[in-house]
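Trainee: Have a look at this one before I ask anything.
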């Protein structure tokens, strides 16, 4: 369904709900049997009938978002406002909930429902989920209910969700996904039977797009089986946490100069590596895995404050879940929690990627790095004595590793 057709379709459903009719986003039998609409909620008595009648979702994202008083929430594709109103009750008078919808009829319906509910801590915005009209790092939680699957550019939707979340912010949505690889005919049959699933992503691809956007701690929980490998699901993830004024995001090509400058500054200390000259960007890229690369940035200037990346230890398939990592922090930004935030992010992302062992080598004299890694679950598994000559002296290297309790178990 084209963008304009989607807007027209949901605008018509809003008008129908406003006229007192119960609406469905697909065949009524499939809608009811699949648990779509208001079926997933157990706290509807506090809401206006119009909001319940206009519910078109495939789950209850509010129930898993763990909303706290005072938080700011954004609902992507807020429709008649059911999730906005439930969220508003949970965040309380000191919190705020935004509902974003491209349909003027849906926004008008939602505003009327909010007035009937007496909700004063809500605001309904005009816009698309691919271009969210909110500033960077302005919300604590992003929710959505069976809307992201409708977008033709899901990568941009997830990148936008990452952008507007504050560090440590949470992403918790209900959506329709494909688990497995149904052939084209079966998938077409499912979409014909249950129109709500059109555009649904395979679970693996959903996870890949979340990772590419910068999210970690990714969980996809299947909640209802609609046949032909189509499921409703709860999708949860988080934006990496960092101290105020710092954001951790995937490393980009335009970070090259700053990343290499921090690399060289670390090598110049004589305590980071046997290497003495940082590689070219081409050499850096060739040696590092294309994923599991992150930078910590100053949110006001964009300056890169530190980075972490990984290399494969072997091309043999048996070692697919074993990587060696490197982490460097700008010399003027050490002892400020940046290295810890980067390493926490890296560990979470590595487990999302199925990595079961992260290893590295540290000079015994690099006490700060050793303490950081041990605080985050790394252990010394051995000492390679006088393994290399560095600036005219033969030096030991401590081999450290962290074994995941999640991946590879």
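What follows is calculated from the coordinates using simple rules that are stated; it is not laboratory data. All figures in this text were calculated on a predicted structure; none of them were measured in a lab. No Cβ is skipped: glycine too gets one built from the backbone with ideal geometry, and neighbour counts run over all protein chains shown.
Trainee: What is the order of 329, 246, fewest Cβ neighbours within 10 Å to most?
Mentor: 246, 329
Trainee: How do 97-107, 370-380, 349-359 rank on mean C-beta neighbours within 10 Å, highest first?
Mentor: Top to bottom by mean Cβ count within 10 Å: 97-107, 349-359, 370-380.
Trainee: Along its three principal axes, how long is segment 62-107 when you only count alpha carbons? Whole Å, largest extent first please.
Mentor: 30, 20, 12
Trainee: Give me Rg/Rg_expected for segment 246-403, where Rg uses Cα atoms only and Rg_expected = 2.2 N^0.38 Å with N residues.
Mentor: Working: Rg = 15.0 Å, N = 158, 2.2 N^0.38 = 15.1 Å.
Here the Cα radius of gyration is 1.00 times the empirical estimate.
Trainee: Related question: For residue 221 and residue 112, compute 0.36 nm times the residue count separating them, minus their Cα-Cα distance, and round to one decimal in nm.
Mentor: Full extension of this stretch gives 35.9 nm more.
Trainee: Report the full-extension gain for the segment residue 137 to residue 365: residue separation times 0.36 nm, less the Cα-Cα distance, to one decimal in nm.
Mentor: 78.2 nm
Trainee: Right, next: What are the extents of the Cα atoms of segment 103-188 along their three principal axes, in Å, largest first?
Mentor: 48, 31, 18
Trainee: Residue separation times 0.36 nm, minus the C-alpha to C-alpha distance between residue 120 and residue 301: what's the value?
Mentor: 61.6 nm
Trainee: Among 333, 297, what is the fewest-to-most ranking by other Cβ atoms within 10 Å?
Mentor: Result, fewest neighbours first: 333, 297.
Trainee: Under a crude label model (7 Å from the Cα following the beta-carbon direction), how far is residue 385 from residue 407 in nanometres?
Mentor: If labels sit at residue 385 and residue 407, their model points lie 3.4 nm apart.
Trainee: Sorted by packing (mean other beta-carbon atoms within 10 Å per residue), highest first, where do 74-81, 311-318 land? Write out the running numbers ahead of the final one.
Mentor: Details: 74-81: 29.6, 311-318: 10.1.
Packing proxy ranking, top to bottom: 74-81, 311-318.
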